[in-house]
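Undergrad: Before I ask anything, let me first share the structure, which is written out below as structure tokens.
The values are calculated or read from the model by the stated rules, or taken from the named source; none is laboratory data. Everything quoted here is computed from the prediction, not taken from an experiment. With ideal geometry, Cβ positions are generated from the backbone for all residues, glycine too; neighbour counts draw on all protein chains shown. Heavy atoms of the whole protein, side chains included, go into the accessibility calculation; ligands, DNA and RNA do not. Shrake-Rupley method; radii C 1.70, N 1.55, O 1.52, S 1.80 Å.
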Amino acid sequence: MVSHQELQVQEKREVEKKEETTIPARVFVPATDIFETDQALTVVLEMPGVDKESVSASVENDILTIEGRIDFSKYEGLQPVYTEYNIGHYARSFQISSTIEQGKIAADMKDGVMTLVLPKAEKAKPRKISVG
């Protein structure tokens, strides 16, 4: 029997700081969805206000790290009348397994949404076994 899970909107979370920072800004965890197919994992991160030139993604020691920086000059001189979200940078890291082809990870950024495609290694893809 398949259980249906209700989708819920999550509150914006601030990154728990483990080290001191020299950046005078808050850092948030971007809202993220992860989808899986037979061929790849797709990671979608929402980072409103982040431009394509201000985002970075890297893999080191099986850790995928995504960071997005806000250009605060866009907000200088503005007096908020009403706000529903805080302005700040974004950061998120994921442990990835050996079933991902790390050298073939692709990323795209459009309208504040970053999409990463993490292709599965051949050994992790489903396959038919012929019976002789």
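Undergrad: Restricting to the range 102-118, and then to whatever is without any contact (Cβ under 8 Å) to a residue 40 or more places away in the chain and small (Gly, Ala, Ser), can you tell me which residue is surrounded by the most Cβ atoms within 10 Å (Cβ to Cβ)?
TA: The residue in question is Ala106.
Undergrad: For the subset of the range 59-71 comprising residues that are in a strand (DSSP E or B), touching a residue at least 24 places away in the same chain (Cβ under 8 Å) and of a type outside the set (A, V, I, L, M), which member is farthest from Lys104 (Cα to Cα)?
TA: Residue satisfying both the conditions and the ranking: Gly68.
Undergrad: Do you know which of the residues in the range 64-88 that are of a type in the set (A, V, I, L, M, F, W, C) and open to solvent by less than 70 Å² (accessible area, probe 1.4 Å) is farthest from the chain's Cα centre (by Cα)?
TA: Among those residues, the one meeting the criterion is Ile87.
Undergrad: Kindly indicate which of Ser56, Ser98 is closer than 30 Å to Lys125 by Cα and assigned to a loop (DSSP other than H, G, I, E, B).
TA: Result of the check over Ser56, Ser98: Ser98.
Undergrad: Would you say Ala25 is in a loop (DSSP other than H, G, I, E, B) and either open to solvent by less than 60 Å² (accessible area, probe 1.4 Å) or in contact with a helix residue (DSSP H, G or I) (Cβ under 7 Å, 6 or more places away or on another chain) (or both)?
TA: When the stated conditions are applied, Ala25 passes them.
Undergrad: So, one more: Give the range 34-48 a look and list any residue that's in contact with a strand residue (DSSP E or B) (Cβ under 7 Å, 6 or more places away or on another chain), open to solvent by 30 Å² or more (accessible area, probe 1.4 Å) and assigned to a loop (DSSP other than H, G, I, E, B), or say none.
TA: Gln39
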